Amino acid sequence: MLGSTHGTLTTTSRPARVAACGERRGPAVHGSTAEDLDVSGRPLRSDVPDLDRFFRPESVAVVGASDSEGRPNTGITRQLVAWAERVGARLHPVHPTREKVFGLPCHPSVADLPERVDLAVLLVADPLPVLEQLAEVTADRKAAFAVAFASGFAESGPEGAAAQARLAAAARRAGVRLLGPNTNLNAFEEFRDDLDGPAIALITQSGHQGRPLFSLQELGIRLSHWAPTGNEADLECADFISYFATRPEVGAVAAYVEGFKDGRAFLLAADRAARHKVPVVAVKVGRTETGARTAATHTGKLTGADDVVDAAMRQFGVIRVDGLDELQDTSALLARARPPRADGVAVYSISGGTGAHFADLATAAGLALPTLAATKQHELHQWIPDYLGVANPVDSGGHPVGDARGRKIIDALLADPAVGVLVCPIPGPFPPLSDILVRDLVAAAEETDKLVCVVWGSPAGTEDAYRRTLLGSSRVATFRTFANCVTAVRAYLDHHRFVARYRSPFEDAPRVPSPSVRKARALLRPGERLSEHAAKQLLRAYGIRVPREQLVTSAAAAVRAAGLVGYPVVMKASGPQLAHKTELGLVKIGLTSASQARDAYRELTDIARYEGLPLDGILVCQLVGHGVEMAVGISPDPLFGPTVTVGLGGVLVEVLRDTAVGVPPFDEDRTRAMLRELRGGALLEGVRGAPPADVDALVETVLRVQRMALELGDELAELDINPLVVLDRGQGAVALDALAVCR
């Protein structure tokens, strides 16, 4: 039998000023109506800027242009002149004392431009006066976009942050969308135009971190855009994700992110990409306190509690990787590979050790390596000696690779309906067999719609089989390490499973307050923590089940209440300052008589009086039967607003820290996915002879808590339900204890 205990369920560090969560309302939406906002007032859609005019402008102004040797702006101007010529744009140098720059007529100020420009590049130390001037010019002289390269803004501290805010305000007044400040020239690089196939669109907050991705072009992988977002005073990562998601040439978006400017904007952008089935692969720094602190000083933005960021990415299908090498390999594979025909991975090598090693890594990562059917194994043994294993992984022993048998083995594996991915790890070159093997793999890949991957492990990477044959094929995904291949293949299969069943949660997000809101708001006490009794009334208002109970203020009333509730009972002290009642001895479980109830009342009130804890009374509660103890709560996040957490509960909640986070809005499918993420989630299915728990009731409770988060998140700073006892299947879930803190 379970009594009521309370532990604090928390997965995010709380901001010093929690009200900021309520104030952050997401991206601006021009002309918003009530239908564009959810019940919390946050947007359900966002405008996507017409970035065609940024990346392919017809006219460009370069403010601060120079052609004087030795001047820093000269090299930049030269690069911009060359870029404008490549994209077919008219370039207008702007400088107050020059008549011409690189032979082009120069204008003294942006007010003197001969036409409205699509893009103004600001090569000045203080871009504010230029933006203020753009706010004053006539419509036929305005710019659609501006780029500010100058640094010394939010990344430098509070004074810089204030200067950046003034910059953003000036851009709004001017009607200009601003990139930067603290950005660079990456958007104006020379991209190879001799590569075809789906491309990678690149977004980086630190330009240097994009260099490895840009270099993929040397390996034959196409890049279409590079957006160096810098401090994101205006244009942010989310704007570019939304734009790239609808570009026909973009096969995948690769991003290096130091901090999100706006959590809701990111969710809407990721949702847009998921709806268009465009994979987004991201490195997001800030997993550790050191990384988060460094990112903040670099970009001057919040990085967000990492577990919430991780949950948000997973919830909307963003593939998070840790290294730039993983970012390269995963985005390259996702950009170019066709959707899988099956989830099974077949591993084929000339060495049993190589195949076993790769199979271990793949299985540990959750990839499915199906055992090949007996008929398929018999077919393979036509070309492979009987003493070698062909169940999966498949070991050819080496010799069949050198003749016609090698191609037949590959074709037989690709013909298996259970196989969607064929991986051939080659730890090092062994000519001429490795050359023949690679040629056969490339030829087979050209004739199949299944994914063929090769891991070329040679440290040199100078071999013709690698440089010419493998990299010369757009149909073979080539890797240099086992780990990166496993990571990319898992992301590839996960992505296609995700988008196949994806439905935007914003479509069904509540727009009208529920009937529960008025009753719940009457219970809130701004700036105060509610007693357990009041917190349970809050739960009742949202249809969350709590035990039968009565609040009493005398021993005689306690005896009467126990008779009404029904023995055995639990008695607990109830007051706004009681967060951990069990540790203080303020919970009595399993009382079976009037005398025990009377004595318990006196003991509980004596302890509270001794500890100096004010009470609103003693709760006499129904004793709820055995079940799985869970915890469900609402926590604030400075970027995403109120979040919902579910995990194993009870007194060990802070020790186990087995939790999953949901970022509203989310649906029933996502709630069930959160439960599957829990290490102890198997307890809900029944272990050691225990019956399965009522998972449906748990899911319903989490969804009701989410509705509370959406409707009361700006007024309710924190909610903990712990324990929430999930009874046997069909019997429901009961909140035995609750804590609520009002803003």
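Say whether the condition of being assigned to a helix (DSSP H, G or I) and more than 34 Å from the chain's Cα centre (by Cα) is met by at least one residue in region 357-373. Talk me through it step by step, then tell me what you get.
At the first step, the residues of region 357-373 found to be assigned to a helix (DSSP H, G or I) are 357-364.
Applying the additional criterion that residues be more than 34 Å from the chain's Cα centre (by Cα) yields none.
Among the residues of region 357-373, not one is assigned to a helix (DSSP H, G or I) and more than 34 Å from the chain's Cα centre (by Cα), which makes the answer no.
Given region 657-737, what strands (runs of 3 or more DSSP E) lie entirely inside it while holding 1 or more residues that are modelled with pLDDT under 95?
On the way: elements: 659-662, 716-726, 733-735.
Qualifying strands (runs of 3 or more DSSP E): 659-662, 716-726.
For region 577-592, which residues satisfy the criterion of being at pLDDT 90 or above, outside any strand (DSSP E or B) and touching a Pro at 6+ places or on another chain (Cβ under 9 Å)?
Thr592
Taking the options Leu44, Leu80, name whichever one is at pLDDT 95 or above, under 24 Å from Thr643 (Cβ atoms) and either surrounded by 20 or more Cβ atoms within 10 Å (Cβ to Cβ) or in contact with a Phe, Trp or Tyr (Cβ under 6 Å, 6 or more places away or on another chain) (or both). Even if it seems obvious, please write down each step before you answer.
Numbers: Leu80 fails: under 24 Å from Thr643 (Cβ atoms).
Every option except Leu44 fails the conditions.
Can you pull out the residues in region 151-173 that are at pLDDT below 95 and either in contact with a strand residue (DSSP E or B) (Cβ under 8 Å, 6 or more places away or on another chain) or buried (at least 24 other Cβ atoms within 10 Å of the Cβ) (or both)?
Phe153, Ala154
Filter region 387-406 down to residues that are in contact with a Leu (Cβ under 9 Å, 6 or more places away or on another chain) and in a helix (DSSP H, G or I) and give me whichever is farthest from Arg475 (Cα to Cα).
His399
Looking at the structure I just gave you, is Ala84 closer than 22 Å to Asn186 by Cα, within 42 Å of the chain's Cα centre (by Cα) and assigned to a loop (DSSP other than H, G, I, E, B)?
Here the answer is no, as Ala84 does not meet what is asked.
Which of the residues that make up region 514-549 are surrounded by 15 or more Cβ atoms within 10 Å (Cβ to Cβ), in a loop (DSSP other than H, G, I, E, B) and out of contact with any strand residue (DSSP E or B) (no Cβ under 8 Å at 6 or more places or on another chain)?
Ser514, Tyr542
Which of the residues that make up region 511-570 are touching a residue at least 60 places away in the same chain (Cβ under 8 Å), β-branched (Val, Ile, Thr) and over 26 Å from Glu715 (Cβ atoms)?
First, the residues of region 511-570 that are touching a residue at least 60 places away in the same chain (Cβ under 8 Å): 511-514, 516-517, 520-521, 524-536, 538-539, 542-553, 558, 568, 570.
Filter once more, keeping what is β-branched (Val, Ile, Thr): 512, 517, 544, 546, 552-553, 570.
Passing the criteria: Val552, Thr553, Val570.
Scan the helices (runs of 4 or more DSSP H) fully inside region 142-246 and keep the ones with 1 or more residues being of a type in the set (Lys, Arg) and farther than 22 Å from Ser331 by Cβ.
The qualifying helices (runs of 4 or more DSSP H) are 158-174.
Just name the residue that is modelled with the highest pLDDT out of those in region 624-656 that are part of a loop (DSSP other than H, G, I, E, B) and over 24 Å from the mean Cα position of the chain (by Cα).
Gly627
Residues Ala359, Ala364: which one is in the same structural domain as Gly457 (by TED's automatic domain parsing) and in contact with a strand residue (DSSP E or B) (Cβ under 7 Å, 6 or more places away or on another chain)?
Details: Ala364 fails: in contact with a strand residue (DSSP E or B) (Cβ under 7 Å, 6 or more places away or on another chain).
Sole residue among the options that is in the same structural domain as Gly457 (by TED's automatic domain parsing) and in contact with a strand residue (DSSP E or B) (Cβ under 7 Å, 6 or more places away or on another chain): Ala359.
Search region 374-398 for residues being free of Cβ contacts under 8 Å to residues at least 24 places away in the same chain and not polar (S, T, N, Q), and hand back the single one that is nearest to Pro432 (Cα to Cα).
Per the criteria, the residue is Pro385.
If a residue must be under 20 Å from Leu712 (Cα atoms) and crowded, with 24+ Cβ neighbours inside 10 Å, how many such residues does region 633-663 contain?
Count: 16.
Looking at Glu218, is it at pLDDT 95 or above and not hydrophobic (A, V, I, L, M, F, W, C)?
no
I'd like to check something: does region 413-423 contain any residue that is over 25 Å from Thr481 (Cβ atoms), surrounded by 17 or more Cβ atoms within 10 Å (Cβ to Cβ), more than 39 Å from the chain's Cα centre (by Cα) and of a type in the set (A, V, I, L, M, F, W, C)?
If we filter region 413-423 for residues that are over 25 Å from Thr481 (Cβ atoms), which is where we start, we get 415-418.
When the remaining residues are screened for being surrounded by 17 or more Cβ atoms within 10 Å (Cβ to Cβ), the result is 416, 418.
Pick out the ones that are also more than 39 Å from the chain's Cα centre (by Cα) and you get none.
No; the residues of region 413-423 include none that is over 25 Å from Thr481 (Cβ atoms), surrounded by 17 or more Cβ atoms within 10 Å (Cβ to Cβ), more than 39 Å from the chain's Cα centre (by Cα) and of a type in the set (A, V, I, L, M, F, W, C).
The values are calculated or read from the model by the stated rules, or taken from the named source; none is laboratory data. Here the structure is a predicted model, which means the values were calculated and not measured. Virtual Cβ from ideal backbone geometry, glycine too; neighbours counted across all protein chains shown.
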